[in-house]
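Let me begin by presenting the structure, written as structure tokens, before commenting on it.
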Amino acid sequence: MSFFDADIPFYAEPLETNRLLLRRLVMADAQDVFEYGRDPEVARHVLWDEYKSVSESRSYIRSMMRHYRFGDASSWGIELKQTGRIVGTIGYMWFQAEHRSTEVGYSLARPCWNQGLMTEALKAVIAYSFDTLHLNRVEAQHEITNPASGAVMRKCGMQFEGTLRQRLMNKGAYVDVDLYAILRSDYVSRSMYH
């Protein structure tokens with residue numbers, strides 16, 4: 001049974017991978033979130049501006065805590081087990097209960113890029129989406145100027161579905177995004193061979 005079946009709130013339960021713990025953010029994470037969130041390169045392809053102060057990361061965490069409390073679509077903090085520090089976030093942008101679908105978004109501290117960490121996190125969220133939430137479709141999008149994000153999606157079995165022209169306004173300009181998705185049937189057939 002999923003939260004869709006019983007019409008109960010979404011609960012972002014902890015997910016563990018080889019190197020990561022995906023967990024709810026708490027106020028004690030504000031400094032860690034600020035450390036990666038103040039990097040303009042991390043903020044470049046997401047819809048928020050780089051943080052100027054720890055109070056901005058506290059506001060973000062407060063917002064997530066409200067989402068947790070009300071069972072809304074929300075994000076996990078990505079904790080690097082080796083250090084115990086939060087190095088990014090991954091989570092759901094929205095749910096469509098009637099279509100059993102969702103969109104996943106993520107961001108990661110620059111020192112953690114190119115180590116396969118986001119692929120590890122996204123695989124865990126995709127598995128949770130199908131195995132626990134019983135969704136039918138998980139999608140994600142990235143700006144076309146951020147091809148590394150598309151590579152992560154492909155490594156996780158997501159398929160390219162097209163380019164959405166000027167889909168978003170980011171940093172004062174309309175941007176094109178590439179849309180990827182994985183269906184329950186894709187996930188099941190992949191699981192059989194992995």
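The values are calculated or read from the model by the stated rules, or taken from the named source; none is laboratory data. Since this is a predicted model, take the numbers as computed values, not measurements. For neighbour counting, all protein chains shown are included, and Cβ atoms are generated from backbone atoms with ideal geometry for every residue, glycine included.
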Problem set entry | Hits in segment 41-72 (condition: assigned to a loop (DSSP other than H, G, I, E, B), of a type in the set (A, V, I, L, M) and surrounded by 15 or more Cβ atoms within 10 Å (Cβ to Cβ)) | Val46
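Do you know which residues across segment 110-142 are outside any strand (DSSP E or B), β-branched (Val, Ile, Thr) and surrounded by 17 or more Cβ atoms within 10 Å (Cβ to Cβ)?
As a first pass, look at segment 110-142 and keep what is outside any strand (DSSP E or B): 110-136.
Those left that are additionally β-branched (Val, Ile, Thr): 119, 125-126, 132.
Passing the criteria: Val125, Ile126.
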Problem set entry | Number of the condition not met by Ala28 [criteria: (1) at pLDDT below 95; (2) among the small types (Gly, Ala, Ser); (3) assigned to a helix (DSSP H, G or I)] | (1)
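Of all residues in segment 143-194, which are on the phi > 0 side of the Ramachandran plot, modelled with pLDDT of 95 or more and either assigned to a loop (DSSP other than H, G, I, E, B) or surrounded by 12 or more Cβ atoms within 10 Å (Cβ to Cβ) (or both)?
Within segment 143-194, just Gly157 meets the criteria.
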